[in-house]
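All remarks here apply to the structure that follows.
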Amino acid sequence: MKRNAAIIGVGETPFTSRQDYTNPELSQQAALKALEMAGMTMDEIEAVVYSMAPAEFLGVLDPDKWAVGAVGGLNKPFMRVHTGGATGGSAAQAGYYHVASGIFDSVLVVGADKVRECKDSQQVLNTIWDPMYERQFGLTTITMAAYQAVRRMYKYGTTEEQMARVAVRNWANAMNNPSAHLKGKITVEDVITSPYYSWPIKRLDTCPSSAGGAAIVIVSEKKAKKLCTRPAWIKGCHEIANTVFMGDQMGGAADMDYADWDELAMAAKVAYRQAGIVDPLKEIQVADVYAPFTVTELAIVEALGFCRKGESEKLNESNFFDMDGEVAVSPSGGSLCNNPIAVTALCRVCDAALQVLGKAPPKMQVKNVKNAVATGIGGSFQFHTIMVVGSDHN
Amino acid sequence: MKKHEEAMTLKGGWSVEYNYAVGPTGSKFFTALKDEAKIIAPKCPKCNLVMLPPRSFCERCFVPADEWVEVGKEGTIQAFTIVPYFFESLPDPPYATALVMLDGANTAMANFVKNVDLSNLKEAAKKLAIGKRVKVVFEKKREGTINDFHYELI
C-alpha cells in the first residue's frame, strides 16, 4: 500500500563554530532554503518532523518545543525524532513514512544543532553510557572510534596512514562545498602529526563540532511531478539498531564485530531490495556517509557493499572512492567536515538528494547520478540508518 | 545586524544530581564485588551467554537471565585505547582503558588498565595489544562500584 514519495527541496545553512544565531533561527534558515528550492510556501506544508538529538549541547529542555514556531509548526502535527547521531536519518525516515503512508502529501523535516554552545561536547557524549558500569572510564565518541580502529588494525592490519587518507580526501572534497565547516588541502603527514585524542585517533581523524541547520521537503508523487522536473525519489529506507554494550561485539561469542558495521549492512540489504538495487557499485554513483571519524568511513563503504570486508583500506589508496572513482564517497566532505549532531545524518540525506536533483554546488556535483545513498550512525555506534534516493521510482 | 552590533552570548549552566537505581541484578553484582571481591555474571538459560556488564535479561534471546556464575580473575584484551588529552569532567589524562573478556565470560567489560607506562603512546599501545592477558586487581577499600577493581597487564 506504500505510496511513492520524493525529496524536492533541500536546505543547509553554512556550518561553522560561530555563535551568531539561536537554534530556532538556524532551523528556520534551513527550512526557508528547502521551501524555496521546492517552490512551496510554509502554508503548503502539512506536518513537521523535527530532527533533534541530545538537548544537552544546547542546554535547553527540549529545543524542539523552542523551535515549533520558527519552523512553521503552529497548528500542525509536529514531532521530534531522536536516535543520537542517527537522528537526521531517522527524522528523514519518519518524514518519508508520513508521506508514503498516504496520510500527508507534504512534510518538512528540519532541525539544527550548535555543538560548540556547551563547553565540551565530549562531557555530554560520555553520558551515552550507563552510570553504573561504563561511564566512569572516560568513554566518549572518540574512544568509541578508537576501539573500532584497534579492532580493524587487529583484524585487517589497518594503519594510521590508511586512516589519514580518508581525512585527506574528505577535506579536499569539502573545498567544493560552500557549506562545509572544515576544508582544505591537507596531507597524510598533517593528519599523522596532529595531536592524539584517544590512540590511535588524532585531531584530524575527527569531525568538527558544528553549528548549523538542515531541512528537506518530502512530497507525494502527484505533488512531486507537478512541482519538480527531476525529483529525488526515495527508493529505499531502513534502520537497524543494536546493543549499547560495545563489549558484546568482540571476541568468541560475538554475533557481530565492532570492526565492521554488519548492522548497516543489514539495513542496506533491505533498502537496496526496496530500491531494486542488485549491484551497489554499478548502480549507485554517490554515497554521502556519516563518518565522523576516518576509521568509520572504512567500515561504512564495506557495509554498503562497495567492497568486501577489510578491502576498503587498500582501495582508498587508489581513486576508487574519489569524485572520479568507482563510487564518489562524500563529495560534500561528509561528516568529517561538518558535524551538527542533531542534523548531521539529515545533511547526508540533503547532500545525496542534491546529487540526484542536479542541484549540488557546481564542483560538488557528480555527473549523471541515478542513485545516491545517505547513511547515519547514532548512540554507541548502535543506530544505523540508510536512505537510497534516485532519479526514477520503482 | 547593524555593523556596530555584535552577536551576543549569555553564560549559563546545567547541573542536576541523581540517585540512579542500580536494580536487583546490579545490586547483586556490586554486593559480590564489595563483600567477596568476586566478579559474578548472569548467564542466559537459552544461549548460555555469560554477560558482563551484568543485565537481568539476554538481549539476544529476550529471556530473563537469573542464573549466576563466577568468572575468572584474568582475561584477554579485546579493544583498548589510551587518552592523552584533557576533556572536561573526564578522568585526568593520560589514562588507558580496555574492553576485557574475563575467562568464563562471553562479552567484554570496560575498565582502566593501570600500572602501564603511558609516556610513549606507541610503545604503550604495543603492550596493550588485542589478545594480551590482564588480571583483575581489586581495591583494598571497596565501595560497591565498578571502580572497586581495575585491570593490570600480566
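The values are calculated or read from the model by the stated rules, or taken from the named source; none is laboratory data. Everything numeric in this text was worked out from a predicted model, so none of it was measured. FYI the Cβ positions are ideal-geometry reconstructions off the backbone, even for glycines, and counts take in every protein chain you see.
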- Considering region A:236-267 alone, what residues qualify as being closer than 12 Å to A:His384 by Cβ and surrounded by fewer than 24 Cβ atoms within 10 Å (Cβ to Cβ)? A:His238, A:Glu239, A:Ile240, A:Ala241, A:Asn242, A:Met256, A:Asp260, A:Asp262, A:Glu263, A:Ala265, A:Met266
- If the Cβ limit is 9 Å and pairs must be 6+ apart or interchain, which residue in region A:105-116 that is over 14 Å from A:Met40 (Cα atoms) pairs with which residue that is among the acidic types (Asp, Glu)? A:Gly111/A:Asp64; A:Ala112/A:Glu25
- Message: Can you tell me which residue is farthest from A:Asn23 (Cα to Cα) among those in region B:11-26 that are without any contact (Cβ under 8 Å) to a residue 12 or more places away in the chain and more than 10 Å from chain A (Cβ to nearest Cβ)?
- Response: B:Asn19
- Message: Looking only at region A:42-62, how many residues end up being at pLDDT below 90 and in contact with a strand residue (DSSP E or B) (Cβ under 6 Å, 6 or more places away or on another chain)?
- Response: 0
- Message: Take A:Lys235 and tell me if it is at pLDDT 95 or above, under 18 Å from the mean Cα position of the chain (by Cα) and farther than 19 Å from A:Phe381 by Cα.
- Response: yes
- State all residues of region A:314-337 that are surrounded by 22 or more Cβ atoms within 10 Å (Cβ to Cβ) and within 17 Å of A:Thr159 (Cα to Cα); if no residue qualifies, say none. A:Asn316
- Query: Do the conditions hold for A:Lys76, that is, is it basic (Lys, Arg) and more than 14 Å from every other protein chain (Cβ to nearest Cβ)?
  - Reply: yes
- Those residues of region A:222-258 that are facing chain B (nearest Cβ under 9 Å), among the small types (Gly, Ala, Ser) and closer than 27 Å to A:Asn126 by Cα come to a total of 4
- Of the listed residues (A:Thr229, A:Thr243), the one being of a type in the set (S, T, N, Q) and either within 30 Å of A:Cys118 (Cβ to Cβ) or within 20 Å of the chain's Cα centre (by Cα) (or both) is A:Thr243
- Task: Test A:Ala211 against the stated conditions and say whether it is on the phi < 0 side of the Ramachandran plot, touching a Ser or Thr at 6+ places or on another chain (Cβ under 7 Å) and among the small types (Gly, Ala, Ser).
- Result: yes
- Message: Can you tell me which condition A:Pro195 does not meet? The list is (1) surrounded by 20 or more Cβ atoms within 10 Å (Cβ to Cβ); (2) within 14 Å of another protein chain (Cβ to nearest Cβ), and all the others hold.
- Response: (1)
- Being outside any loop (DSSP other than H, G, I, E, B) and surrounded by fewer than 17 Cβ atoms within 10 Å (Cβ to Cβ) is the filter; apply it to region B:2-26 and report the residue that is farthest from the chain's Cα centre (by Cα). B:Pro24
- Message: Restricting to region B:27-47, count the residues that are of a type in the set (Ser, Thr, Tyr) and either touching a residue at least 12 places away in the same chain (Cβ under 8 Å) or exposed (fewer than 12 other Cβ atoms within 10 Å of the Cβ) (or both).
- Response: 1
- Considering every residue within region A:2-20, establish whether at least one is part of a loop (DSSP other than H, G, I, E, B), modelled with pLDDT of 95 or more, crowded, with 19+ Cβ neighbours inside 10 Å and of a type in the set (Phe, Trp, Tyr). yes
- Task: Of the conditions (1) part of a loop (DSSP other than H, G, I, E, B); (2) among the aromatic types (Phe, Trp, Tyr); (3) under 15 Å from the mean Cα position of the chain (by Cα), B:Tyr85 clears all except one; give me its number.
- Result: (3)
- Please work out if A:Lys183 is modelled with pLDDT of 95 or more, away from chain B (no Cβ under 13 Å) and surrounded by fewer than 24 Cβ atoms within 10 Å (Cβ to Cβ). yes
- Note on the structure: Quick count over region B:100-139, residues being buried (at least 19 other Cβ atoms within 10 Å of the Cβ), over 20 Å from A:Tyr196 (Cα atoms) and within 11 Å of another protein chain (Cβ to nearest Cβ), is 10
- Message: Any residue that is under 27 Å from B:Lys141 (Cβ atoms), more than 12 Å from chain A (Cβ to nearest Cβ) and at pLDDT 95 or above - is there at least one of those in region B:75-96?
- Response: no
- Query: Of the residues A:Val343, A:Val349, A:Val356, which single one is touching a Pro at 6+ places or on another chain (Cβ under 9 Å), surrounded by 24 or more Cβ atoms within 10 Å (Cβ to Cβ) and not in a strand (DSSP E or B)?
  - Reply: A:Val356
